[in-house]
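The values are calculated or read from the model by the stated rules, or taken from the named source; none is laboratory data. Note that this is a predicted model, so its numbers are computed, not measured. All Cβ positions, glycine included, derive from the backbone under ideal geometry; neighbour counts span all protein chains shown.
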Amino acid sequence: MEYKQAEGGASDEAAIVRLLTSTSPPWGVTRIRDQARWGVVQAALILTEHRTAFEALVEALSREAPLGECVQALELALAPQLPGPQASTLIRI
């Protein structure tokens, strides 16, 4: 989002094409491309809407935090946005 580019997407794209063309019935190239575009738009919208949580995750990953701490960073950043009792039931490490 900030850098206007992605790295390593070619192998991810090849893997999803292999998966979706192996289904029964197989997906066509047009349907796969449409689904990929939809996924990219959804990811961008989620990251934009939850920028604080994204930044908390980036910070945790940059210090090579364990998975549990990464999840906790996301949950703590999202807690103010969660409705009702869910906010108080977040996992604590």
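Here is a yes/no grid of residues against (1) loosely packed, with under 11 Cβ neighbours inside 10 Å; (2) of a type in the set (A, V, I, L, M); (3) at pLDDT 90 or above:
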position: Y3; (1), (2), (3): yes, no, no
position: E7; (1), (2), (3): yes, no, no
position: S11; (1), (2), (3): yes, no, no
position: I16; (1), (2), (3): no, yes, no
position: S24; (1), (2), (3): yes, no, yes
position: Q35; (1), (2), (3): no, no, yes
position: V41; (1), (2), (3): yes, yes, yes
position: L47; (1), (2), (3): no, yes, no
### Query
Just one of A65, A87, A79 is in contact with a helix residue (DSSP H, G or I) (Cβ under 8 Å, 6 or more places away or on another chain) and at pLDDT below 85; which is it?
A87
### Message
Given the options I46, I16, name the one that is closer than 30 Å to L76 by Cβ, part of a helix (DSSP H, G or I) and of a type in the set (A, V, I, L, M).
### Response
I46
